[in-house]
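Notes follow once the structure below has been shown.
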Amino acid sequence: MNRLTSTALAWWEGRTLREQRMLAVMGLAVLAVLVWLAVVRPAWAWREAAARDRFRAENALILVQRAAQRAPSEAAAAGDIRAAVDAASAQAGVTPVMGMAADGALGFSLTGVQTAAAFGWLSALHDKGVEVQSLSVVENADATLTVEGSLVSR
């Protein structure tokens, strides 16, 4: 180690003052670039990544809070729709099969019902504040209807 240091010192002293200054400036420039690449850029990249992650987390929090605020009212609305469906079914004399529609709303299916009973049921639902979001009506061979659709509250 001592021999390496003495060799480097001899090489340095063999340079003119002007060459020593130019080598010192070049060494400082190389050191500045290395500090930039090894310290500054990674720190800035980390800050940008942290800012992006925070933005995503804040957006996710907002979505969760909105869903939490909406959930009780949707559950109450689903209960209101069920009560309206039960009352309208008793009034019209039909028995709908309830389930989830493809669009995520409360779906229904009436099979083999008369035209007056089916549309009377839909009218009674409308009077109770329930709207039909989607509706499919198919006439069967025996002059009855198959009615399918989804319901939402107003």
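The values are calculated or read from the model by the stated rules, or taken from the named source; none is laboratory data. All values reported here derive from a predicted model rather than from experimental measurement. Counting neighbours? That spans all protein chains shown, and the Cβs are built from the backbone with ideal geometry, glycine included.
Tell me which residues, restricted to the stretch 129-148, are buried (at least 17 other Cβ atoms within 10 Å of the Cβ) and either closer than 19 Å to Ala87 by Cβ or basic (Lys, Arg) (or both). Selection gives Val130, Val147. Do we have Ala29 as surrounded by 10 or more Cβ atoms within 10 Å (Cβ to Cβ), in a helix (DSSP H, G or I), at pLDDT 85 or above and over 42 Å from the mean Cα position of the chain (by Cα) here? It is true that Ala29 is surrounded by 10 or more Cβ atoms within 10 Å (Cβ to Cβ), in a helix (DSSP H, G or I), at pLDDT 85 or above and over 42 Å from the mean Cα position of the chain (by Cα). Scanning the stretch 126-140 for residues that are at pLDDT 90 or above, of a type in the set (A, V, I, L, M, F, W, C) and out of contact with any Gly (no Cβ under 8 Å at 6 or more places or on another chain) yields Val137, Val138.
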